[in-house]
1. Among (1) touching a Ser or Thr at 6+ places or on another chain (Cβ under 9 Å); (2) surrounded by 14 or more Cβ atoms within 10 Å (Cβ to Cβ); (3) touching a residue at least 24 places away in the same chain (Cβ under 8 Å), there is one condition PRO46 misses while meeting the rest; what is its number?
2. Note down all Cβ pairs under 9 Å where the first residue falls in the range 64-90 and is in the same structural domain as ALA38 (by TED's automatic domain parsing) and hydroxyl-bearing (Ser, Thr, Tyr), the second is exposed (fewer than 11 other Cβ atoms within 10 Å of the Cβ) and not in a loop (DSSP other than H, G, I, E, B), and they're at least six residues apart or on different chains.
3. Of all residues in the range 50-67, which are within 17 Å of CYS116 (Cβ to Cβ) and in a loop (DSSP other than H, G, I, E, B)?
4. For the condition farther than 14 Å from ALA112 by Cβ, of a type in the set (Asp, Glu), modelled with pLDDT under 95 and surrounded by 11 or more Cβ atoms within 10 Å (Cβ to Cβ), what is the one hit in ASP32, ASP22?
5. Considering only the range 68-99, state which residues are under 19 Å from ARG53 (Cα atoms) and part of a helix (DSSP H, G or I).
6. Pick from the range 90-115 the residues that are more than 15 Å from the chain's Cα centre (by Cα) and among the small types (Gly, Ala, Ser): which of them is modelled with the highest pLDDT?
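The values are calculated or read from the model by the stated rules, or taken from the named source; none is laboratory data. Only a predicted model underlies this, so the values are computations on that prediction, with no experimental measurement involved. Heads up, the Cβs are rebuilt from the backbone with ideal geometry, glycines too, and the neighbour counts pull from every protein chain shown.
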Amino acid sequence: VYENLQKIKTSQSLGMLIITHDLQLARSICADIAVMYAGQIVEYGPQVLTGPRHPYTQSFLAALPENGFQPLPGLPPLPQDHLPGCRFAPRCHSCQKRCLQEVPPVYDSGTAKVRCFLYA
């Protein structure tokens with residue numbers, strides 16, 4: 001699959017949108033990666049998997065078996081939940097009062113775009 005996607009991308013000079021939980025696939029063929037939580041992009045950039053900025057991306061990568069399988073605390077919101085503020089706030093280790101009340105905009109943090117007040 002990796003080789004075929006890479007061949008198509010290269011031979012056709014195409015851009016691709018790949019939606020996956022397969023991080024090996026994403027690392028091997030994607031120039032930029034967007035990380036989503038509860039249906040919202042929380043971080044986007046070329047070095048998201050090697051230098052994560054958003055607390056969810058950091059927690060997600062820490063939960064992988066090769067990183068010690070450190071599970072995220074709490075439960076993800078249900079699709080019908082319409083919580084005020086940041087969608088990740090109830091599970092976030094860096095949550096501030098503001099995070100529970102306001103939806104953070106996307107900030108430029110140098111190598112990535114991050115939806116988190118830590119980068120305001």
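1. (2) is the only condition that PRO46 fails.
2. Nothing qualifies.
3. Going residue by residue through the range 50-67, those that are within 17 Å of CYS116 (Cβ to Cβ) are 51-62.
Those that are within 17 Å of CYS116 (Cβ to Cβ) and in a loop (DSSP other than H, G, I, E, B): GLY51, PRO52, ARG53, HIS54.
4. Numbers: ASP32 fails: farther than 14 Å from ALA112 by Cβ.
Sole residue among the options that is farther than 14 Å from ALA112 by Cβ, of a type in the set (Asp, Glu), modelled with pLDDT under 95 and surrounded by 11 or more Cβ atoms within 10 Å (Cβ to Cβ): ASP22.
5. ALA89, PRO90, ARG91, ARG98, CYS99
6. Applying the filter and picking the extreme gives SER94.
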